[in-house]
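These notes are about the structure you will find just below.
The values are calculated or read from the model by the stated rules, or taken from the named source; none is laboratory data. Computed from a predicted structure; not experimentally measured. Cβ placement follows ideal geometry from the backbone for every residue including glycine, while neighbour counts extend to all protein chains displayed. For the accessible areas, the whole protein counts, side chains as well, though only heavy atoms, and no ligand, DNA or RNA atoms are used. Shrake-Rupley method; radii C 1.70, N 1.55, O 1.52, S 1.80 Å.
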Amino acid sequence: VPAFVAGPSKPASRVADDDDGLGALAVLSGSVASWPSESQGLDGASEQRAVELRRALDVAEAEKDALERARADLQRKFDAMARAYEDDSATFFAAMDIEKRARLQTTAASLSPAGEESREQGTGGVAGCSLQQELEDVASASAIRRALEVEMAMKAELEEQLRRAQNELERRDEQQRAREEDDRRAQEDDEELQALEARRTQGRLCEMQEGAWFDKISIKWNVIQPRFVRLSRDMRRVEWGRREVGPFKAVPVDAVLRLEFGDASRAFRCREAKGRPAPERCLSVLTPSRSLDLVARTDREVEVWLLGLNELTPCRPERQRFTAEEFRLRRAMLKLETTAPPADADG
């Protein structure tokens, strides 16, 4: 008795949907692989975040490959079962055709005169054959029913596995989209911060070109002289003079070796303890030939000039570059140290 009968095969659209889901995930993986090249201009924190996102993407792609292999294995099993199903169906219907032809021949023989005689002579034999045929039909129907039940159970199991694989792929896809959305928002925030910092830098440079009054410390004569300090229009020189209209002395911006701020500056260290200015307003510009030691009259002026010169002067290994946050933190610490009461002799 054949093990399977004809029945509906698996719709081809289910496999196509699975392939479309995997293809969409591959396209999304390819688009995320281009993040590092787009985020080269970000700061250290953004680069670290990009590295973490790439690692998470590698893990997701490895899991996606495992799901693809599982889906391919399930598809092969399903195809093998479908082929066996078709072969068994063909064999079964071929046997049914043979059986029907045999029954027709028996019916024709029974209708002939010779068949009438044989039927009268062998009624018992015909009854025995009918009973045997009926038993065989019952056994065949039972076997077919069991085969159908097994086939339905296997088909349900395969469909359940395919459904789970599809759900897992959809979940990975949602996670990937969420990571992309988070990265897009982080990139937008970074771009906004960079644009804001660019506007602030431009404002500082404009203030430097307009100029401001500083107290210039002459280390040679140990005197403090008021001087008008400004940045040239081409932003290549730092100029200072006794009046706002000149004449001016100048140092090239490209010649600046180091910027010193606070208690580490020459403007603060060259004065006696009693006559020292507030360290959070001291600024020294050092070049190979001389130094320009200044004491700002407001906190705003020293912030504008220190951060502005940071943007203009070339990067050197021996020079410390202050960011806006680092400068404000250092200034706050200097103010706390200046206003803190002195410790007693016992500690």
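Points worth noting:
- Identity of the residue in the stretch 219-261, within 23 Å of E303 (Cβ to Cβ) and basic (K, R), that ends up farthest from the chain's Cα centre (by Cα): R227
- Among the residues here, R200 qualifies as surrounded by 11 or more Cβ atoms within 10 Å (Cβ to Cβ) and at pLDDT 85 or above.
- Only listed residue being at pLDDT 50 or above, farther than 21 Å from Q176 by Cβ and more than 16 Å from the chain's Cα centre (by Cα), chosen from R71, R76: R76
- Strands (runs of 3 or more DSSP E) contained entirely in the stretch 203-277, each with at least 1 residues that are open to solvent by less than 80 Å² (accessible area, probe 1.4 Å) and either free of Cβ contacts under 8 Å to residues at least 24 places away in the same chain or over 30 Å from T323 (Cβ atoms) (or both): 212-218, 223-231, 237-241, 249-252
- Filter pass, L169 being closer than 23 Å to L74 by Cβ, surrounded by 14 or more Cβ atoms within 10 Å (Cβ to Cβ) and more than 23 Å from the chain's Cα centre (by Cα): no
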